[in-house]
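Q: A single structure is presented below for examination.
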There are 2 protein chains.
Amino acid sequence: MSKNVVIVGSVAYDDVETPLGSRKNLLGGSATYFSVSASRFTHARLVGVVGNDFSEDDRALLARHEIDVSGLVTDTSGDTFRWGGRYHENMNDRTTLYTHLNVFERFTPKIPETYRHEEFLFLGNIDPALQLDVLDQVAGPRFVALDTMNFWIEGPRREFLDKVLTRVDGLIVNDEEAKLLTEGRSTLELGRRLQELGPKTVIVKRGEHGALLFHGEELFYVPAYPIEQVIDPTGAGDTFAGGFMGYVARHGNLELDTMKGAMLCGSVMASFCVEGFGLDKMSAVTIDDIKNRYTRFEALTKCPALTL
Amino acid sequence: MSKNVVIVGSVAYDDVETPLGSRKNLLGGSATYFSVSASRFTHARLVGVVGNDFSEDDRALLARHEIDVSGLVTDTSGDTFRWGGRYHENMNDRTTLYTHLNVFERFTPKIPETYRHEEFLFLGNIDPALQLDVLDQVAGPRFVALDTMNFWIEGPRREFLDKVLTRVDGLIVNDEEAKLLTEGRSTLELGRRLQELGPKTVIVKRGEHGALLFHGEELFYVPAYPIEQVIDPTGAGDTFAGGFMGYVARHGNLELDTMKGAMLCGSVMASFCVEGFGLDKMSAVTIDDIKNRYTRFEALTKCPALTL
């Protein structure tokens, strides 16, 4: 039975420069990308904060995706979180031009009463002390996954991160973050060590090299969906997480096949995300678009029978 | 119908140091790794040169794998090619400690009369002018693939490399070499541009991230086989190529499913190769070992049915 998914994270305005062009005031933030992506699979319920300047058009966009925003607080004391970044020629490296936290600096997530019994929860990349606080507000969800970043892994908040890791079921990080969190001479060892930190389901995103799932004793690979041209990589990771969690919540179980399908749907959504600036491409994706790319994924990796 | 495969390349003695230990006088070289790997699938016929010091034990090893060595010349004027290398902690980067070309410096491959009508040929990483010379000695093989390296791509011999590329069917390179050969903003563009250089079948090896096959208009991904611990990465690329070409030659056709199966068998053989020093592990691999890892590969990437 389809379940909702709750996301706690940032809502932002982004200014993005890439070798292919630049755009200002793009609706962004981890919770935005996550919930728009998840909305293709189930209902997303968003917990975040915006400022004075948050536009009616952007509220309308969230509403069109049937995203529940009763957890989205408007803090009239300032502006919405604003981020500016420039992507380099290879589209992998980027320079942050500015980070104005604005009202996000005082963000203390408050989970609405109506969300507290939801079974699927995603803790976006925020201060791990706040992630812990969120866990104290909810009633034993079935599957909690979290994202984090180098700033929390290497910084003085690591002890909070270690604590929250022991209380979650899933971890979604990129290759670099995985290697900062722990060490492993092989992929298998890396996965096992990440699981030893707490979460029994670990996803390592490897950009153009795809993603890896460790689910209990099981392992699954998904390549990056091959696209002609990356327009704007912003939000791809959160979009992956949204597709993944949305698919899992829709199916309402933690079976291996559900997790595998979720990996593929996360990758499919991320492939759409990077094909346009901001939410341009992703927000127009249909179920048929998803099915087509899923089918292509099957062809990309399906092993023929071995004849020896 | 099973066909033989001809390999032209180096036979060497390697001294290898890794974080896990070191070994001296290991039988190595591209033609050795290639032919031992290919021998699991078909008969390999080797063209190369060794010196005075080449041991009877090593001849016996080649014989045990039913490798035809009528193209292996013994040049009594000197020693066998000798290479020494040290792998760093991550097992990816290595430092060459010395390269003594010895008799390999004067290597001018001569294809035995009995090999000239073989349909499957692999040009190991040697001077592209020699690769061209080999092509002039054979009678229109059905499928020729080549390996090359940064030294030939960036150096003054590039014009010969460009020429040989227009005369081969397949190219097997690593990610770095692919990017030196041409440019592409996306994986798809990179593959297309490599194909424009000549070969319609292009394999890009990505180490721990697996490998990609471009075969005409088709694309196929294979992840790296997950192993517990890399002992010695020497020869993994040639072992991949040997498994690939051996499987293709065994099937004697260029169908997409043959190419896909060959990618998997190449990866399986490479996974065995790196689990031991030199040929230690690989030379003892059985057909059942290969079948087991092939089956595990299927499970690693098999997409479940999409339920939306």
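The values are calculated or read from the model by the stated rules, or taken from the named source; none is laboratory data. Predicted, not measured: the structure shown is a model, and the values here were computed from it. Cβ coordinates were reconstructed from backbone atoms using ideal geometry, including for glycine residues, and neighbour counts include every protein chain displayed.
Q: Considering only the stretch A:176-220, state which residues are in contact with a strand residue (DSSP E or B) (Cβ under 6 Å, 6 or more places away or on another chain), touching a residue at least 24 places away in the same chain (Cβ under 8 Å) and not small (Gly, Ala, Ser).
A: Passing the criteria: A:Pro199, A:Thr201, A:Val202, A:Ile203, A:Val204, A:Lys205, A:Leu212, A:Leu213, A:His215, A:Phe220.
Q: Another one. Of the residues that sit in the stretch B:294-308 and are within 24 Å of the chain's Cα centre (by Cα) and of a type in the set (D, E, K, R), which one is farthest from the other protein chains (Cβ to nearest Cβ)?
A: B:Arg296
Q: Is it the case that B:Met269 is out of contact with any strand residue (DSSP E or B) (no Cβ under 9 Å at 6 or more places or on another chain) and assigned to a helix (DSSP H, G or I)?
A: For B:Met269, the condition - out of contact with any strand residue (DSSP E or B) (no Cβ under 9 Å at 6 or more places or on another chain) and assigned to a helix (DSSP H, G or I) - is met.
Q: Do we have B:Ala241 as part of a helix (DSSP H, G or I) and in contact (Cβ under 8 Å) with a residue 24 or more places away in the chain here?
A: yes
Q: Only residues that are under 22 Å from the mean Cα position of the chain (by Cα) and in a helix (DSSP H, G or I): list them for the stretch A:41-62, please.
A: Those that are under 22 Å from the mean Cα position of the chain (by Cα) and in a helix (DSSP H, G or I): A:Asp58, A:Arg59, A:Ala60, A:Leu61, A:Leu62.
Q: Which one of A:Phe104, A:Phe122 is within 30 Å of A:Lys24 (Cα to Cα), modelled with pLDDT of 95 or more and part of a strand (DSSP E or B)?
A: Checking each option against the conditions leaves just A:Phe122.
Q: On to the next question. When the residues of the stretch A:6-40 are filtered to those that are under 11 Å from the mean Cα position of the chain (by Cα), more than 18 Å from A:Ile231 (Cβ to Cβ) and aliphatic (A, V, I, L, M), which remaining residue is surrounded by the most Cβ atoms within 10 Å (Cβ to Cβ)?
A: A:Ala38
Q: Return the total of residues in the stretch B:277-308 being closer than 30 Å to A:Gly252 by Cβ, out of contact with any strand residue (DSSP E or B) (no Cβ under 6 Å at 6 or more places or on another chain) and assigned to a helix (DSSP H, G or I).
A: Total satisfying the criteria: 3.
Quick grid of which residues meet (1) within 14 Å of chain A (Cβ to nearest Cβ); (2) surrounded by fewer than 18 Cβ atoms within 10 Å (Cβ to Cβ); (3) at negative phi:
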| site | (1), (2), (3) |
| --- | --- |
| B:Asn150 | no, yes, yes |
| B:Arg158 | no, yes, yes |
| B:Asp162 | no, yes, yes |
| B:Leu165 | no, no, yes |
| B:Leu181 | no, no, yes |
| B:Ser186 | yes, yes, yes |
| B:Leu190 | yes, no, yes |
| B:Arg193 | yes, yes, yes |
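Q: Next question, about the same structure. Residue check: is B:Val173 not in a helix (DSSP H, G or I) and not hydroxyl-bearing (Ser, Thr, Tyr)?
A: Considered against the rule, which asks whether it is not in a helix (DSSP H, G or I) and not hydroxyl-bearing (Ser, Thr, Tyr), B:Val173 comes out as yes.
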